[in-house]
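Just below is one structure, and these are the notes that go with it.
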Amino acid sequence: MDSQSKNASASPGSVPAGYSVNLPSDLEYIPPLRQFVAEIARVEGFSKKFCFRTEIIVDELVTNGILHGSQDVQSSVTLSARFEDGAMNLSVQDQGGTRQNLENLKRAVYSPKPPSNDKKKGRGLTIVQMLSSEIKIDLGENGHTQVHVIKTKDPDENQAQREKLLYESDL
């Protein structure tokens, strides 16, 4: 991976830790990236279920960025993640994107009907939408396509974590 950074917060109340990875437009980088983000989520205290679903989201978004948003082999995709208040904020930016491409992408995500079963492609963003709390698509100032996803903990995950802490405090 080309570059990787962590913006750690030093003082209480400041911006929470964030991670950003810029990678070449090559599908070979996706599995380790997926595992990297899931491990960060685990370290941040999220459940195995949350981490597994995070891997699926990362896989789908970065794959789309590489396959549909890369102009050539020199292109790159940037993934940024921030974990705070029981939620993951994830952003994937690729170098493609015209207004028409963006409108097609939005139509695919926000369409009320699911993709047809006879298609071999076109389900990735529907899956991301099902696994996420919120998804937003736009063009950045530089004309690059950006997909922003927020995934919050399920209420049962918070309850399970409280029960685990209560159980451990009784030991």
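Quick notes on this one:
- Here's how it looks for Asp26: its modeled amide H is under 5 Å from none belonging to a residue 5 or more places away or on a different chain.
- Net +/- balance of residues flanking Ser75 in space, Cβ distance below 11 Å, scoring K and R +1, D and E -1: -3
- Highest-first arrangement of 128-141, 62-75, where packing means the average Cβ count within 10 Å: 62-75, 128-141
- Subset of Lys49/Lys106; Lys106/Lys151; Lys106/Lys153 violating a 23 Å alpha-carbon distance limit: Lys49/Lys106; Lys106/Lys153
- Computed from backbone phi with θ = phi - 60° and the Karplus coefficients 6.51, -1.76 and 1.60, the 3J(HN,Hα) list for region 36-44 is 4, 5, 5, 5, 4, 4, 4, 4, 6 Hz; x is used for glycine and proline.
Any read-out appearing in this document is the output of simple, stated calculations on the displayed coordinates, not a laboratory observation. Everything numeric here is computed off the predicted structure, so don't read it as measured data. Here Cβ is always computed from backbone atoms with ideal geometry, including for glycine, and neighbour counts include all displayed protein chains.
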